[in-house]
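If you scroll down you'll find the structure; I have some questions about it.
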Amino acid sequence: MDGQNLARWTRFAGKGGIGRCVAVQDCVAESAEDLMFLKGDEIVVLVQLSEEGRFLGYCEGVVGQFSASDVHFTTKL
């Protein structure tokens, strides 16, 4: 992700994105596009991706993709 897009998504995350979720398990990034997080981390949901059950999120200053099966949504999207 280029710096301009990263800055845009970071600003959107600061405004709350489209919702929030909490990690229900540790998730190690398998590719550069994936979001890495630990159980209990709060993730700001930025957008639902076209792929079923995949989202773009923000956690601990990092933007990346994650699966809905790894989190519990705490707000309605």
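The values are calculated or read from the model by the stated rules, or taken from the named source; none is laboratory data. Quantities reported herein were computed from a predicted structural model and do not represent experimental measurements. Here the Cβ is made from the backbone with ideal geometry for all residues, glycine too, and neighbour counts use every protein chain on show. Accessible surface is based on the protein model in full, side chains and every heavy atom, while ligands, DNA and RNA are left aside. Shrake-Rupley method; radii C 1.70, N 1.55, O 1.52, S 1.80 Å.
Please turn the phi angles of the range 41-54 into ³J(HN,Hα) values with the Karplus equation 6.51 cos²θ - 1.76 cosθ + 1.60 (θ = phi - 60°), one per residue in order, whole Hz, x for glycine and proline.
Per-residue couplings from phi come out as 5, 8, 10, 8, 7, 9, 6, 8, 7, 5, 6, 4, x, 10 Hz.
Oh, and also: Among Gln25, Gly3, Phe73, whose Cα lies farthest out toward the positive end of the dipole of the range 3-73, if unit charges sit on the beta carbon of Lys, Arg (+1) and Asp, Glu (-1)?
Going by the Cα projections, it comes out as Gly3.
In terms of solvent-accessible area of protein heavy atoms at a 1.4 angstrom probe, what is the ranking of Arg8, Arg54, Arg20, highest value first?
If we order Arg8, Arg54, Arg20 from most to least accessible, we get Arg8, Arg20, Arg54.
Related question: Over the alpha-carbon set of the chain, divide Rg by the Kirkwood Rh and report the Rg/Rh ratio to two decimals.
We get a ratio of 0.92 for the chain.
Residues with amide H under 5 Å of Val47's amide H, sequence separation 5 or more or different chain, H placed in the peptide plane at 1.01 Å from N; which?
Leu56
Same structure again: Where nothing but the Cβ of Lys and Arg (+1) and of Asp and Glu (-1) is charged, how large is the charge dipole of the chain around its Cα centre, in debye to the nearest 20?
Charge dipole, the chain, about its Cα centre: 480 debye, nearest 20.
Report, in deg cm²/dmol and to the nearest 500, the calculated mean residue ellipticity at 222 nm for the chain, where each DSSP H run with n ≥ 4 adds -39500 (n - 2.57) and the sum is divided by the residue count.
The helix-only estimate for the chain comes to -5000 deg cm²/dmol at 222 nm.
Restricting to Cα pairs below 8 Å that are 6+ residues apart, what does the relative contact order work out to for the chain? Please round to a whole percent.
33 percent
Please turn the phi angles of the range 58-70 into ³J(HN,Hα) values with the Karplus equation 6.51 cos²θ - 1.76 cosθ + 1.60 (θ = phi - 60°), one per residue in order, whole Hz, x for glycine and proline.
10, 8, 6, x, 10, 10, x, 8, 8, 9, 4, 6, 9
Moving to a separate point now. What does the accessible area per residue of the chain come to in Å², with a 1.4 Å probe and no ligands, DNA or RNA counted?
63 Å²
Same structure, new question: Count the DSSP beta bridges whose two residues both fall in the range 3-73, then state the antiparallel fraction as a percent rounded to the nearest 5.
95 percent
Please work out how much accessible surface Met36 shows to a 1.4 Å probe, ignoring ligands, DNA and RNA, in Å² rounded to 10.
Solvent-accessible area, nearest 10 Å²: 120 Å².
Taking the Cβ of Ala23 as the center, what net charge do the other residues with Cβ under 9 Å away carry, scoring Lys and Arg +1 and Asp and Glu -1?
Value of the local net charge: -3.
Per-residue HN-Hα couplings for the range 16-26, Karplus 6.51 cos²θ - 1.76 cosθ + 1.60 at θ = phi - 60°, whole Hz, x for Gly and Pro?
My calculation for the range 16-26 gives x, x, 9, x, 9, 8, 10, 5, 9, 7, 5 Hz in order.
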